[in-house]
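The values are calculated or read from the model by the stated rules, or taken from the named source; none is laboratory data. Predicted, not measured: the structure shown is a model, and the values here were computed from it. Using ideal geometry, Cβ is built from the backbone for each residue, glycine included, and neighbour counts are taken over all protein chains shown. Surface areas here come from the heavy atoms of the whole protein model, side chains and all, with no ligands, DNA or RNA. Shrake-Rupley method; radii C 1.70, N 1.55, O 1.52, S 1.80 Å.
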Amino acid sequence: MIIQKTREEIELMRESALIVSKTLGMIASEIKEGVTTLYLDKLAEEFIRDHGAVPSFLGLYDFPNSLCMSPNAQVVHGIPNNVPLKNGDVISVDCGAFKNGFHGDHAYSFEIGEVAPEVKKLLQVTKESLYVGIREFKAGNRVEDVGNAIQKYTEAHGYGVVRELVGHGVGQKMHEEPEMPNYGKRGRGKLFVEGMVVAIEPMINMGTRNIKQLKDGWTILTADGKPSAHFEHDVALIDGKPELLSTFQYIYKALGIESNEEDEFRQVPLVL
């Protein structure tokens, strides 16, 4: 069952989502060659708690950390460790925060130092596909309209779309209905309804769409060892249109990037 949120509840969710956004912005200032993911994980937990929230992922299904940190061929659900990041790495950082009874949950794939051009392109196309999908999250459309848009956009570049892992509804629980796959056929799936909130998150591989899982029970890898990219936003359906609750602007501020990519998905301009 899709749980529709009131405008008041959506504003509470926006607060949780923006705590995640600010956490990722803080990470953007700290993530670099030689830093360990476990160090970044500790910084994130402290930052989230300092903002009056608790880390959503810590203990969720017994996950041991506050961040999922997945470098290179890891797709998602990587466990932070003491291995230093290297020049040329790319890494998905997925974060959640729980405040006022609601979760925020979103992710960004970072470049470490000088990244190969073909990997840069993978990240660029994956992020673009996120917004391609968000545009389809509107009144009258259905779940697979979003997935179909993401699939067509990324497969046109020769990339593999992960099937086994999907986006999801989000609210008082981290994972609510509906599941939001990044593939599908137009006109299929549950109808979008006013007040629903979803996490849309393309997980796109440079090579095969096939994946495997490490013995730790969490870490998902590409089957061919090629890099993967992952970007995620929280989006509410308001007045029949997609409204971003999360933002990458804190990341962009830390990295000195100028972007207006989110403007079309905001009824009210974002104030950092």
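Ligands, DNA and RNA are left out, and with a 1.4 angstrom probe the accessible area of the chain is 43 Å² per residue.
Can you check what the Kirkwood hydrodynamic radius comes to for segment 1-104, Cα pairs only, in Å to one decimal? Working shown, then result.
Details: mean 1/r = 0.0700 Å⁻¹.
Here the Kirkwood hydrodynamic radius works out to 14.3 Å.
Need the full-extension length gain, residue 8 to residue 156, defined as separation in residues times 0.36 nm minus the C-alpha distance. One decimal, nm.
Working: separation 148, 0.36 × 148 = 53.28 nm, distance 4.00 nm.
Residue separation times 0.36 nm, minus the Cα-Cα distance, leaves 49.3 nm.
The DSSP beta bridges internal to the chain are antiparallel in roughly 100% of cases.
Site-free segments of the chain were taken between trypsin sites (Lys or Arg not before Pro) in DSSP loops having at most 16 other Cβ atoms within 10 Å, sites themselves excluded; the longest one is 33-85.
I'd like the FRET efficiency for residue 51 and residue 138, computed as 1/(1 + (r/R0)^6) with the beta carbon distance as r and R0 of 45 Å, rounded to 0.05. Kindly include the intermediate steps, with their values, before the conclusion.
Working: r = 31 Å, r/R0 = 0.70.
Efficiency at R0 = 45 Å is approximately 0.90.
Counting heavy atoms of the protein chains alone, residue 51 has an accessible area of about 70 Å² for a 1.4 Å probe.
Among residues other than residue 148 with Cβ under 9 Å from its Cβ, the summed charge is +1 (Lys and Arg +1, Asp and Glu -1). Here the scattering of segment 168-272 is modelled by Debye summation over its C-alpha atoms, one equal scatterer each and no solvent; at q = 0.09, 0.19, 0.22, 0.25 Å⁻¹ the log10 of I(q)/I(0) is -0.32, -1.16, -1.25, -1.31. Dimensions of segment 1-42 from C-alpha coordinates, computed as largest minus smallest value along each principal axis and given longest first, are 45, 21, 14 Å. For segment 40-54, 3J(HN,Hα) computed residue by residue from phi via the Karplus equation (6.51, -1.76, 1.60; θ = phi - 60°) reads 5, 4, 5, 4, 5, 4, 4, 5, 4, 5, 5, 9, x, 10, 10 Hz, glycine and proline entered as x. Taking the square roots of 5 times each eigenvalue of the Cα gyration tensor of segment 191-235, largest first, gives ellipsoid semi-axes of 28, 13, 9 Å.
Pop out the carbon and sulfur fraction of the accessible area of segment 98-143 as a percent, whole number, probe 1.4 Å. List each step's numbers first, then the result.
Details: 820 of 1740 Å².
Within segment 98-143, the accessible surface is 47 percent carbon and sulfur.
For the chain, the alpha-carbon coordinates run over 46, 42, 38 Å along the three principal axes, in decreasing order. Note on segment 49-148: along the principal axes its Cα atoms extend 47, 40, 23 Å, ordered by decreasing extent.
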